[in-house]
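Pasting a structure here, questions to come.
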Amino acid sequence: MKIIRTVHEMQETALSLLTDNKTIGFVPTMGFFHEGHLALMEQAKKDNDIVVSSIFVNPLQFGPSEDYEQYPRDEEKDIIHAEETGADVLFIPDTQDMYPRKMVITLDVTDRVNVMCGRSRPGHFQGVVTVLAKLFHIIQPTKTYFGRKDAQQVAVVDALIEDLNFPMELIALPTIREQDGLAKSSRNVNLRQEEREEAPWIYKALENGRQLVVDGEKNPDIVVKEVLDTINCYTSGKIDYVELLSYPDLQPVSVIEQQVILATAVYFEGARLIDNLLFDKNGEIAKRLK
Ligand code: AMP
């Protein structure tokens with residue numbers, strides 16, 4: 001596996017791969033790898049000639065009171081894991097190289113962000129699309145891989161690729177979970193012990209909500225209330241939001257009669273956790289993005 005630390009070398013490498021007609025599968029990350037990240041790389045390996053993953057904790061997508069400094073980092077272990085998983089290139093640029101000066105051109109995200117994490121993290125998705133647009137230009141992937149755990153991010157990246165005509169395919173893969181159901185996240189290490197014990201209730205709460213839909217419930221308010229009540233009852237976390245929206249356009253629904261997302265974010269002292277389920281009007285887990 002080749003480790004590349006400069007934008008210039010990454011660009012040269014990508015160009016020469018494209019000249020050789022190689023397909024490139026790209027997995028952007030912020031590092032501190034777990035099985036969720038590695039599953040994306042494994043799929044990219046199956047689908048493409050070359051797998052490029054990037055590690056970049058992007059300051060642009062963190063708010064001033066967020067956890068940019070506390071975000072867990074372990075480059076040495078990440079290199080070992082990526083190599084074992086079969087990544088061909090690990091791109092680890094530094095902030096100065098990615099943002100040598102204040103950006104003059106910025107991207108604005110006008111839809112799909114006035115709900116869920118976009119509402120509680122103003123500017124977050126602008127930061128995400130800005131760094132992704134740069135990475136897509138630098139790496140020129142054939143396919144790019146994202147986790148459904150960050151389903152709002154998937155919806156925004158889907159629009160980024162379509163609106164700006166990036167010539168690549170977005171592949172969104174299912175959420176990888178711990179045995180007790182907690183969605184794997186780099187941030188889980190920052191949870192205190194009691195919080196870690198309570199955290200699986202987030203997934204159980206979402207599953208309880210989905211079960212109501214399986215049983216025939218069509219009213220989103222009743223489903224949302226079930227999730228709110230379960231999380232409030234079994235965890236000490238402070239709920240940021242529980243929302244049920246159409247997916248991927250993230251519009252409010254009055255009756256569940258299409259593909260929807262049931263999503264939540266919960267603040268614990270150690271970390272803010274997010275999770276979601278995507279399902280159809282019968283509560284069946286969605287297999288495809290749209
Ligand atoms: P991050 O490093 O948190 O920015 O995540 C990098 C990529 O891994 C994103 O596309 C995430 O959606 C994806 N990812 C993170 N956690 C999981 C998970 N538990 N299951 C599947 N994909 C995940």
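Just so you know, all these numbers are worked out from the coordinates, no wet-lab data involved. Note that the structure is predicted; figures quoted are calculated from it, not measured. Glycine also receives a Cβ, built like all others from the backbone with ideal geometry; neighbour counts cover every protein chain displayed.
Which one, 263, 142, 79, is farthest towards the positive end of the dipole of the chain when Lys and Arg carry +1 and Asp and Glu -1 on their Cβ?
142
How big is the Kirkwood radius of the stretch 1-112, worked out from every pair of different alpha carbons and given in Å to one decimal?
Working: mean 1/r = 0.0652 Å⁻¹.
Over the stretch 1-112, the inverse of the mean reciprocal pair distance is 15.3 Å.
Separate question: Taking amide H positions as placed 1.01 Å from N in the peptide plane, with prolines and chain starts having none, which residues 5 or more places from residue 286, or on another chain, fall under 5 Å of its amide H?
278, 279, 280
For the stretch 23-180, what is the charge dipole size about the Cα centre, in debye to the nearest 20, if Lys and Arg each add +1 at the Cβ and Asp and Glu each add -1 at the Cβ?
That gives the stretch 23-180 a dipole magnitude of about 500 debye.
Which whole-number percent is the relative contact order of the chain (Cα, under 8 Å, 6+ apart)? Before the final figure, lay out the partial values.
Values: 515 pairs, mean separation 48.8, N = 290.
That works out to 17 percent.
Okay, moving on. Which of the residue pairs 45/134; 22/46; 46/134 have a Cα-Cα distance greater than 21 Å in the structure shown? Spell out each step's value before the answer.
Details: 45/134 23 Å; 22/46 14 Å; 46/134 25 Å.
In this structure, 45/134; 46/134 exceed 21 Å between Cα atoms.
Going toward the positive end of the dipole of the stretch 148-209, with +1 on Lys and Arg Cβ and -1 on Asp and Glu Cβ, which of 153, 168, 188 do you reach last?
188
Multiplying the sequence separation of residue 169 and residue 103 by 0.36 nm and subtracting their Cα-Cα distance, what value in nm do you get?
On the way: separation 66, 0.36 × 66 = 23.76 nm, distance 2.68 nm.
The span from residue 169 to residue 103 would gain 21.1 nm if fully extended.
Taking the chain as the reference, fit the longest principal axis to its C-alpha atoms, fit the long axis of helix 75-85 to the helix C-alpha atoms, and give the angle between the two in degrees, 0 to 90, nearest 10.
Long axis of 75-85 versus the principal axis of the chain: about 90 degrees.
What number does the stretch 161-290 give for Rg over Rh if you use C-alpha atoms and the Kirkwood radius? Walk me through the numbers on the way to the answer.
Working: Rg = 15.4 Å, Rh = 15.5 Å.
Using only Cα positions, Rg/Rh for the stretch 161-290 is 1.00.
Could you give the size of the charge dipole of the stretch 63-102 about its Cα centre, using +1 on the Cβ of each K and R and -1 on the Cβ of each D and E, expressed in debye and rounded to the nearest 20? Write out the running numbers ahead of the final one.
Details: 4 positive and 12 negative charges, 64 e Å.
So the magnitude is around 300 debye.
Taking Cα centroids, how far is the stretch 265-290 from the stretch 30-65 in Å?
That distance is 19 Å.
With an 8 Å cut-off on Cα pairs and a minimum separation of 6 or more residues, tell me the relative contact order of the stretch 129-222 in percent.
Details: 63 pairs, mean separation 20.3, N = 94.
This gives 22 percent for the stretch 129-222.
Compute the normalised compactness of the chain: alpha-carbon radius of gyration over 2.2 N^0.38 Å, N being the residue count. Please report the intermediate quantities before stating the final value.
On the way: Rg = 19.0 Å, N = 290, 2.2 N^0.38 = 19.0 Å.
Taking the Cα Rg and dividing by 2.2 N^0.38 Å, one obtains 1.00.
Follow-up question, since we're still on this one. Scan around residue 147 for amide H atoms under 5 Å from its own, H built in the peptide plane at 1.01 Å from N, and keep only partners 5 or more places away or cross-chain.
It is 173, by chain and number.
So how do 189, 223, 109 line up by other beta-carbon neighbours within 10 Å, fewest first?
Details: 189 13, 223 24, 109 20.
Lowest to highest Cβ neighbour count: 189, 109, 223.
Using the 10 angstrom Cβ neighbour count as an exposure proxy, how do 229, 215, 158 rank, fewest first?
Details: 229 14, 215 8, 158 18.
Lowest count first: 215, 229, 158.
Here's a follow-up. With +1 on each Lys and Arg Cβ and -1 on each Asp and Glu Cβ, how big is the dipole of the chain about its Cα centre, in debye rounded to the nearest 20? List each step's numbers first, then the result.
Numbers: 31 positive and 46 negative charges, 74 e Å.
That gives a dipole near 360 debye.
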